[in-house]
Amino acid sequence: MSGNTRDTKQKRAILSAFEEAHRPLTPVQVQAAVLRELPKVSLATVYRVIKTFVEQGSLVPVSFPGAADRYESKECAARHHHHFLCTSCDRAFDLPGCGLRVSSGLPDGFAISRHEVVLYGSCDSCKGATSI
């Protein structure tokens, strides 16, 4: 944590939830993780602390079309990677690296500046959904 904000047990627990998860989390998922340690933490507190961490630059928002925003650490966000969103349990996972090669399919004169890829399906815990 940086800046002039107070260090609280709620902030430490929320930061710990991200460090232990190693994946993007929604505020509701953060609250569920923190409730084990701090049974009275409110969702409003989680949102407020996440907002503070985003403003400080220690968390980065991750958006998925049609789904709630999630957040991940700035260290994770700094490494180019893609995401997998489980359509059964709504958990998001980081996919390390990038094997995407699309420049050969671009029209003449086009240049890629960045890209985002989200894969959808069932995670290991939610086996049973149809895969491609």
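Brief remarks on what is shown
- Pairs of alpha carbons in region 41-104 separated by more than 18 Å make up 49% of all such pairs.
- Computed over protein heavy atoms with a 1.4 Å probe, the carbon and sulfur contribution to the accessible area of region 9-121 reaches 55%.
- 28 Å Cα-Cα threshold exceeded, pairs from K74/K127; K9/K51; K51/K127: K74/K127; K51/K127
- The modelled label-to-label distance between D124 and A67, using points 7 Å beyond Cα along the C-beta direction, is 1.8 nm.
- In region 9-121, the DSSP beta bridges split such that about 70 percent are antiparallel, to the nearest 5.
- Convex hull per residue volume in Å³, alpha carbons only, for the chain: 138 Å³
- Simple spin-label estimate for S16 and L95 gives 3.3 nm between the two label positions (7 Å along the Cα-to-Cβ direction from each Cα).
The values are calculated or read from the model by the stated rules, or taken from the named source; none is laboratory data. All figures in this text were calculated on a predicted structure; none of them were measured in a lab. Backbone-built Cβ (ideal geometry, glycine too); neighbour counts: all protein chains shown. Each accessible area value is taken on the protein alone, full model and side chains, heavy atoms only, with ligands, DNA and RNA left out. Shrake-Rupley method; radii C 1.70, N 1.55, O 1.52, S 1.80 Å.
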